[in-house]
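Below is one structure; the comments refer to it alone.
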Amino acid sequence: MKSQLLLPYTYNFLEDVDVKGFDDIYLYAEKRDVPSVSKGVGKLLTFFAGLYNPKSVLELGCGIGVAAKFILQRVNCKYTGVDNNHERIEVAKRFLAEYQNVSFFNERVENFLAKTEEKYDFIFVDSIKKDYEKVWYLLKPVLQERALIIFDDIFLYGYAFQEDSEIPLKYREGVRLVRRFIKNIQAELGSDVTFFPIENGIMVINYGC
């Protein structure tokens, strides 16, 4: 039986949790209106990191380092963050100064993926949503034989489920491309891809298993 109350109550439950050590970074994001992963998404990242115990983490669209902090508080691994915004990367470096083996690249995601020679086993993607399908195909050559990939905001604020006429014009092309990506990734990977209705939607790929 479907519940009209489940989603709003679930959202409030996930966002009301106490996450120690995150007050300063969330306050910075709020004051400057900087995008950051919600506590619900962050706790999911912490959970998957602990379950998977990755050796080499890649974050595409790392911003000021909120997601990275959720991951790094659980596992000791090599972390690489990529973002096209230089100022946000500098802030991330300050907030993650306590962690070892952390590196950042200030460039476009596509450019980084085209030239990196590293291989990664845990990837969090929070870059430009309309480019997700392109990012996926650029990602595949740099994945370890067994990798976990998480795409954030996959439902684009819920617009992915609305009629085209109800979607604001500026989002329509992005929605079309995200819908195509979802359809193609499901056809390609079947049961190795799943979705979580947290925040704006999370897609998790269990690759190479």
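Read the figures in this text as sums done on the coordinates, not as results from a lab. Everything quoted here is computed from the prediction, not taken from an experiment. Heads up, the Cβs are rebuilt from the backbone with ideal geometry, glycines too, and the neighbour counts pull from every protein chain shown.
Structure data summary
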quantity	calculated
Of all DSSP beta bridges in region 6-207, antiparallel share, percent nearest 5	35 percent
Neighbour net charge for I150 - beta-carbon separation under 10 angstrom, K R +1, D E -1	-3
Above-threshold pairs, the threshold being 27 Å between Cα atoms, out of K20/K119; K20/K134; K31/K140; K31/K129; K69/K183; K20/K130	K20/K119; K20/K134; K31/K140; K69/K183; K20/K130
Computed [θ] at 222 nm, helices only, for the chain once each DSSP H run of length n ≥ 4 contributes -39500 (n - 2.57)	-12500 deg cm²/dmol
Most positive-pole-ward Cα, V34, G174, F124, against dipole of region 6-207 from beta carbon charges	F124
Whole-angstrom gap from region 118-150 to region 22-39, using each part's C-alpha centre	25 Å
Region 82-128 - charge dipole about Cα centre, Lys and Arg +1 at Cβ, Asp and Glu -1, debye rounded to 20	80 debye
Net lengthening on full extension, V19/E117 (0.36 nm per residue, minus Cα-Cα)	31.8 nm
Debye-sum result for the chain in log10 I(q)/I(0), which assumes one identical scatterer on each alpha carbon, at q = 0.14 Å⁻¹	-0.86
Dipole magnitude (debye, nearest 20) for the chain, charges at Cβ of Lys, Arg, Asp, Glu	280 debye
Exposure proxy order (Cβ contacts within 10 Å, fewest to most) of I123, I182	I182, I123
Relative contact order of the chain, defined on C-alpha pairs under 8 angstrom at six or more residues apart (%)	17 percent
Cα gyration tensor, region 49-131 - rounded (a/c under 1.5), prolate or oblate	oblate
Alpha-carbon centroids, region 60-110 and region 186-209: separation in whole Å	24 Å
Net +/- balance of residues flanking Y137 in space, Cβ distance below 11 Å, scoring K and R +1, D and E -1	-2
Of the DSSP H helices in the chain, those whose Cα atoms cover at least 15 Å axially and whose Kyte score averages 0.0 or more	39-52
Net charge of Cβ neighbours under 12 Å - reference E87; Lys, Arg +1; Asp, Glu -1	+2
Test item: Cα-centred dipole of region 40-98, Lys/Arg +1 and Asp/Glu -1 on Cβ, debye	220 debye
